[in-house]
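To keep things clear, I will list the structure first and then write my remarks on it.
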Amino acid sequence: MSPITVEQTAQDAASRSLRVTVPVERVQAAEEKAVSHFARRARLPGFRPGKAPVAVVRRRFEDAIRQSVLEELVREGWDTAQASAQLKPVADPSVRNLRFEAGQPLEFDLVVEVKPEVTLQRTGGFRLTRPPVAVTDAMVEEQLEQVRDQRADWIPVGEGKPSTGHLVRVEVASAGADGAFGTAQPFELVIGQGQTVPEIEEAIVGLVPGATAEVKVANPERTVRVTLREVKRKELPPLDDAFAREVGDFEGLAALRAAIREDLGRAAEREADAAVRDQLVRQLVEANGIEAPPSLVRRLLHGYLHMAGIPHEKEEEFARQMGPAAEQQVKRDLVLEAVIEARQLAATEAELDERVARLAEARRVSPGEMYATLQKGGRLAELARAIAEEKAFAWLLAQSTVETTQS
């Protein structure tokens, strides 16, 4: 039987176009196989199961047989293309220009996104600067105030108009085209935090509890009726040892401050490490002339759109805004993948098991349960990639000079 032939018709850095031809005898063999399959399972009036004439089966299941033949031969064509062209696809191919006629070879084009070949000319000798890690008393107090703010009580103020920082409970109703107001809806908001349109907030601060105002709103244009029901002020808890014990397992306020300082220090260390890695990636990309293939950038942008739930009418604007970030991410991924492959830094099974065990301990579940959760969520590959990148950065940083800047 003649082989399936594959001819490359076009290519760029991240895609290949392939013309696949399936010989007539292979098409006929696939058709006979499909007909036999349907004949064995056919339930047709007037015939015992599996005894219907082939000609009847062909007529009755013509569309299904054709679809089955196409699926099988396209799959075989794709398998042949991957083997013959030594492709490294990053996604399933798209099938185009399909030509399937009786007594003729099956022909179709495969457009395949592939991982670009990256040649690393330079991986070391870079000069990197690490920002200083410093946690000041002011930073600790600011974080402490945020914790205090989260545990504040809201106390009714009684009469009087609300002002900045007050929590108000209001009822809002919009007028329809006929001028009639709909059912009022309750809302709570804090004055001065931009939680409603300016026209409504201006109306609220002019009211006392129980009062109502009608206001014209510009965007979208409409008339709104606002009724102020209640005004509350924020009362912060005393900053003392009792407060610290309420927040968590702390002996007193000094222990809480120490814990906050430690958390801020760890966060500052992570930010400093991230800054160094970002510099390293940018210099690697520039030194090796890494380009971001448009097809991979579009693919990443599509993922961003899906995750963010961007409506169709805003996709173009979103793509313009996020395009540069997507391009940088593609370059980053390409250069790190090249390092991982060149240095054979992929995560080992033992490393993956150790990381899963650490995650399981942190979440107080068994490693088996943690592994099953990651596998079910499709995150094992993500975890393996993270381990490989950590190893890649460790190797890369050892090849360069990192200096800490002065604060």
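This model, with +1 at the C-beta of Lys and Arg and -1 at the C-beta of Asp and Glu, gives region 47-86 a dipole about its Cα centre of some 440 debye. Think of each Lys and Arg Cβ as +1 and each Asp and Glu Cβ as -1; about the Cα centre, that makes the dipole of region 93-199 roughly 600 debye.
Counting pairs of Cα atoms in region 169-325, how many percent are more than 19 Å apart? Spell out each step's value before the answer.
Numbers: 9294 of 12246 pairs.
Result: 76 percent of Cα pairs exceed 19 Å.
In a DSSP loop and with at most 13 other Cβ atoms within 10 Å, the trypsin sites (Lys or Arg not before Pro) in region 340-407 are R364, R379.
At what distance in angstrom do the alpha carbon centres of region 332-407 and region 102-138 lie from each other? Centre-to-centre (Cα) distance: 16 Å. What share of Cα pairs, in percent, lie more than 16 angstrom apart in region 153-235? Summing the P(r) of region 153-235 above 16 Å gives 48 percent of all pairs. The peptide list 147-153, 130-136, 287-293, put in order of mean Cβ contacts within 10 Å with the highest first, becomes 287-293, 130-136, 147-153. Using only the alpha-carbon atoms, how far is helix 253-287 inclined from the longest principal axis of the chain? Give it as 0 to 90 degrees, nearest 10. Compared with the principal axis, the helix lies near 40 degrees. Calculated over region 251-404, the projected area of the Cα convex hull averaged across directions stands at 13.8 nm². Calculated mean residue ellipticity, 222 nm, the chain: -16500 deg cm²/dmol, from DSSP H runs (n ≥ 4) at -39500 (n - 2.57) each, averaged per residue and rounded to 500. For the chain, modelled as a GNM whose springs connect Cα atoms under 10 angstrom apart, the maximal fluctuation among T227, T348, T21 occurs at T227. Of the labelled options (i) 32.1; (ii) 29.1; (iii) 28.3, which one gives Kirkwood radius over Cα pairs in Å as computed for this structure? Correct label is (ii). Count Lys and Arg as plus one, Asp and Glu as minus one, and take only other residues whose Cβ is under 12 Å from that of E214; the net charge is then +2. For the chain, the longest principal axis of the Cα atoms and the long axis of helix 349-363 meet at an angle of about 30 degrees.
Seen against the Cα atoms of the chain and their longest principal axis, helix 137-150 is set at about 90 degrees. In region 5-113, if the dipole is taken from +1 on Lys/Arg beta carbons and -1 on Asp/Glu beta carbons about the Cα centre, which of P105, S94, T5 is farthest to the positive end? Of the candidates, P105 comes out farthest on the positive side.
So how strong a dipole does the chain carry about its Cα centre when Lys and Arg Cβ are +1 and Asp and Glu Cβ are -1, to the nearest 20 debye? Provide the component values of the computation, followed by the final result.
Working: 54 positive and 65 negative charges, 376 e Å.
It works out to roughly 1800 debye.
FYI, it's all coordinate maths here, none of it is from the lab. These figures come from a predicted structure and were not determined experimentally. So basically every Cβ, Gly included, is an ideal-geometry build from the backbone, and we count neighbours across all protein chains shown.
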